[in-house]
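Structure first, then comments.
The values are calculated or read from the model by the stated rules, or taken from the named source; none is laboratory data. Keep in mind that this is a model prediction, so the values were computed, not measured. Note that each Cβ is placed from the backbone with ideal geometry, even for glycine, and that neighbours are counted across all protein chains shown.
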Amino acid sequence: MDKLSAIRQAVKAHYEKYVYPRFPLLTSVRECDTYALNLESLWARFNGTRLAPTDGRILLAGSGSFSPYPTAVANRKARITALDLSKANLDRARLHTLFHLCFNVEFIEGDLINAKTILGRNRFHFIDCYGVLHHIPDVIPALQAIHSLLKEGAIIRIMVYSTGARKSIQAARTAMRLLHIDEIKTIKRLYRKADDHSRFKGCIESSYEASFDWGLADMFLHPYAKTYKIDELLKTLGEAGLEPILFAHPGALSDTGQEIARLRSLELANELSTNFILFAGRMEDSEIRLAWNRRKQIEDTVISLNPAIKNSLPLLPFKTLKPGPKLGFQNPLIDLEANRLLSKFKRPVWKSNMEPARWGAIQPYLQAMFLIETAAA
Ligand SMILES: C[S@@+](CC[C@H](N)C(=O)[O-])C[C@H]1O[C@@H](n2cnc3c(N)ncnc32)[C@H](O)[C@@H]1O
């Protein structure tokens, strides 16, 4: 067996043993927290056109055991395909979706590298590849496979480890490999003995996932976990014909060029502390996105509610709602006043029919993607 196949087999074996993430089946998500996974809203944001909910095709590339469920909540009418190397993860994900009455997900066991063969002529509007690419040794062919599965105007969400944020974890991983540590109970014993101020204890205590065995296994026992610097990530995306269209990690700037410059200077100063989360698109669709950005500055547009927010508004109008931050910044609160303002958009409203004060008031909600803007209703 060649080296790459051996790594892939080891990655699969890891996830067959350690289902990731292993949340209890009762764990539920609020629909409002899934707003950034809603395909109609993503499509509007980057393309300016409306996509009918039933037309949406979504691929979870490396779905793990949980993400099919929130994605299905955000997109109840879309057709979702969950592809993963690990049967154990898919079995758990299937249970989780059925338990929460989501029936629009198809589960396929397979390697992303073979996605074109596995998925045939299927093409997708949105591919979510969150926390997966850094576990794939031949990443460029994997990204090229993803590129070939994207429809015109499609969006991909990516999360990969950054070299800056993973420094302590990578150092601990290397030490464990050298010491032949391959059991969770040994890691826990080391933790109990570690000095209170050690980097090892620090990186365990600063991670929510490290309080679970599956999280510790993912941090320290994973057979392959590469980290990226921003320029290597951009080069890798470029080789697959992809470009970033919006960064979404904590603190990210909304302008892609400015965010890349910010990340480079944080890396130079050794101060980068987040992994990279971004939306990307096909390079050949760049003009579609640019044209939409120009058009919305000068032409009339239509504003409507993100369906995931729309469904959450009537529940308890007197209770303040704060959807969890998914685009890199804290969300505006949906209090009674915001609820009243947002409710005006349950039906699409033309920008030209809006007073300037209202147009100003909705800007934070447009930026947060609670509201969506399209060229036509
Ligand atoms: C860290 S988990 C992330 C899961 C999920 N995307 C999430 O955000 O919760 C990585 C997942 O990618 C899957 N994976 C890794 N390499 C893969 C490959 N080459 N093809 C398909 N799935 C892969 C693993 O089996 C695992 O379920």
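Out of all the residues in the range 11-30, which are among the charged types (D, E, K, R), over 16 Å from Ala88 (Cα atoms) and either within 16 Å of the ligand (Cβ to nearest atom) or assigned by TED's automatic domain parsing to the domain that holds Leu321 (or both)? Talk me through it step by step, then tell me what you get.
Quick first cut of the range 11-30, residues among the charged types (D, E, K, R) only: 12, 16-17, 22, 30.
Still in the running and over 16 Å from Ala88 (Cα atoms): 30.
Across the range 11-30, there are no qualifying residues.
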Hey, can you tell me all the residues within the range 126-148 that are under 24 Å from Gly56 (Cβ atoms), surrounded by fewer than 23 Cβ atoms within 10 Å (Cβ to Cβ) and more than 9 Å from the ligand (Cβ to nearest atom)? Gln144, Ala145, His147, Ser148
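Have a look at Leu98, Leu190, Leu179, Leu119 and point out the one that is out of contact with any Phe, Trp or Tyr (no Cβ under 6 Å at 6 or more places or on another chain) and touching a residue at least 40 places away in the same chain (Cβ under 8 Å). Show your work before the answer.
Numbers: Leu98 fails: touching a residue at least 40 places away in the same chain (Cβ under 8 Å); Leu190 fails: touching a residue at least 40 places away in the same chain (Cβ under 8 Å); Leu179 fails: touching a residue at least 40 places away in the same chain (Cβ under 8 Å).
Answer to the selection: Leu119.
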State whether one or more residues within the range 150-159 are touching a strand residue (DSSP E or B) at 6+ places or on another chain (Cβ under 8 Å), within 11 Å of the ligand (Cβ to nearest atom) and within 30 Å of Phe200 (Cβ to Cβ). yes
Exactly one condition in (1) closer than 30 Å to Cys203 by Cα; (2) assigned by TED's automatic domain parsing to the domain that holds Ile158 is not met by Gly281; state its number. (1)
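Kindly evaluate Ile140 against the criterion of being within 26 Å of Cys32 (Cβ to Cβ) and either within 18 Å of the chain's Cα centre (by Cα) or assigned to a helix (DSSP H, G or I) (or both). Walk me through how you get there before you give the answer.
Values: within 26 Å of Cys32 (Cβ to Cβ): no; either within 18 Å of the chain's Cα centre (by Cα) or assigned to a helix (DSSP H, G or I) (or both): yes.
So Ile140 does not fit the description; no.
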Tell me yes or no: at least one residue of the range 31-44 is within 15 Å of the chain's Cα centre (by Cα), near the ligand (Cβ under 10 Å from one of its atoms), modelled with pLDDT of 95 or more and closer than 20 Å to Val132 by Cα. no
Any idea which of (1) outside any strand (DSSP E or B); (2) within 15 Å of the ligand (Cβ to nearest atom) is the one Ser168 doesn't satisfy? (2)
Hits in the range 207-257 - residues which are at pLDDT 95 or above and polar (S, T, N, Q): Thr227, Thr236, Ser254, Thr256
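Quick check, is Ala172 buried (at least 20 other Cβ atoms within 10 Å of the Cβ), outside the structural domain of Glu232 (by TED's automatic domain parsing) and more than 19 Å from Arg22 (Cα to Cα)? Break it down stepwise before answering.
On the way: buried (at least 20 other Cβ atoms within 10 Å of the Cβ): yes; outside the structural domain of Glu232 (by TED's automatic domain parsing): yes; more than 19 Å from Arg22 (Cα to Cα): yes.
Taking the combined requirement at face value, the residue satisfies it.
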Pairs please, first residue from the range 323-346 and assigned by TED's automatic domain parsing to the domain that holds Pro250, second anywhere and part of a helix (DSSP H, G or I), Cβ atoms under 6 Å, 6+ apart in sequence or on different chains. none
Can you find a residue in the range 322-341 that is touching a strand residue (DSSP E or B) at 6+ places or on another chain (Cβ under 6 Å) and farther than 14 Å from Cys32 by Cα? no
When residues of the range 100-118 are filtered for being crowded, with 19+ Cβ neighbours inside 10 Å, within 13 Å of the ligand (Cβ to nearest atom) and among the hydrophobic types (A, V, I, L, M, F, W, C), how many remain? 4
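Return the total of residues in the range 25-42 being closer than 20 Å to Arg282 by Cα and not in a helix (DSSP H, G or I). Steps first, answer last, please.
Of the residues in the range 25-42, the ones closer than 20 Å to Arg282 by Cα are 36-42.
Narrowing further to those that are not in a helix (DSSP H, G or I): 38.
Of the residues in that region, 1 qualify.
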So how many residues does the range 286-305 have that are of a type in the set (S, T, N, Q) and within 26 Å of the chain's Cα centre (by Cα)? 3
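Name the residue, out of Arg8, Arg57, that is closer than 28 Å to Leu366 by Cβ, of a type in the set (D, E, K, R) and either touching a residue at least 60 places away in the same chain (Cβ under 8 Å) or within 10 Å of the ligand (Cβ to nearest atom) (or both).
On the way: Arg8 fails: closer than 28 Å to Leu366 by Cβ.
It is Arg57.
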